[in-house]
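Here the structure is laid out as structure tokens; the discussion comes afterwards.
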Amino acid sequence: MSVAKVLGKLRREQALRRGVLVEPRHSRNRPASTRQCGRSESCSGRGLTSDHSLQVKRVGEFIFDTVHDTVALADQRGYTQKGCLDPMFKIAGEFFASKAMNTIFAKLTGTEFDAMVDRGVFDCIQGKKAELIRGELRFMNPSGPIHDDYIDYLTRWSYDSTTREIANIRVQCGFICDDNRPEPDILWLQPRRYGRTRPTARDVMLLIEVSDSSLSSDLQEKADIYAEAGVQEVWVVDIRSSRIHVLSKSNGNSYRKIEIAVAPQFLSPTCLIGAELDLSDLFSVT
């Protein structure tokens, strides 16, 4: 089967399975009055209005356009030969994520983002994390080994310091933060099962962000959205400077209390004073 046929088949299958009706490339120059709205039966479910459907459709078009744009490169590398389609689509996914980080989409709401996640719009960018921040999609690259090490350390400390009756520990999972959908590194949530619902800011007892190269964003933009949503306490772990920024007492816009903890201190969250984090041990690897 030719590459063109494979891509055409992929477009049709994805559109039917997800309800994202993607216009063929040759149809985009037609007058707007001759185009279909792109709404399918599935668009009326899961909270999608016709406007929401259009947002999803635009992202779908962007994904498939990127696949088409990378075929030439994949062909040069021999990925379009028989039996080599999987690596070709991995290349396409990488190009999509890279291109998307520099692309401004129309502002999305949290409800629209949730519907897109439920319908698998982001399935093609495996290995990259998608967040909704201030109405914009943010695609983050996979973390490096030092970042993973700190998350692993803090995750084990979190489980060792709590029980299922005290906190529900989640790692790199999203929550409803007003109209934002961030995915912090570690969350201590109210101890219950959440099932098909997302936790909200009210459920968050402690939020931890591990910063290797994202310190500015974590202390400014991310901290602001957490404060606005009423997250009780935020720890921003600054790996490079071997310190933790402790943010608390939100006034609805920002955190009024900001402290910096360094080794050899022991740091405890407000929600559980008995849980002590040994900063000397934490920052023994940098």
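Which residue pairs have Cβ atoms under 6 Å apart, sit 6 or more places apart or on different chains, and have a first residue in the range 148-171 that is in the same structural domain as V204 (by TED's automatic domain parsing) and a second that is crowded, with 17+ Cβ neighbours inside 10 Å and charged (D, E, K, R)?
Note: pairs meeting the criteria are I151/D185.
When the range 249-263 is examined, which residues are found to be farther than 14 Å from V231 by Cα and either assigned to a loop (DSSP other than H, G, I, E, B) or in contact (Cβ under 8 Å) with a residue 24 or more places away in the chain (or both)?
A263
Need the failing condition index for V285 against (1) at pLDDT below 95; (2) within 23 Å of A130 (Cβ to Cβ); (3) not hydroxyl-bearing (S, T, Y), just the number.
(2)
Looking at (1) crowded, with 18+ Cβ neighbours inside 10 Å; (2) in the same structural domain as P269 (by TED's automatic domain parsing), find the lone condition where A130 falls short.
Exception for A130: condition (2).
The values are calculated or read from the model by the stated rules, or taken from the named source; none is laboratory data. Predicted, not measured: the structure shown is a model, and the values here were computed from it. Neighbour counts are summed over all protein chains in view; Cβ atoms, including those assigned to glycine, are modelled from backbone coordinates with ideal geometry.
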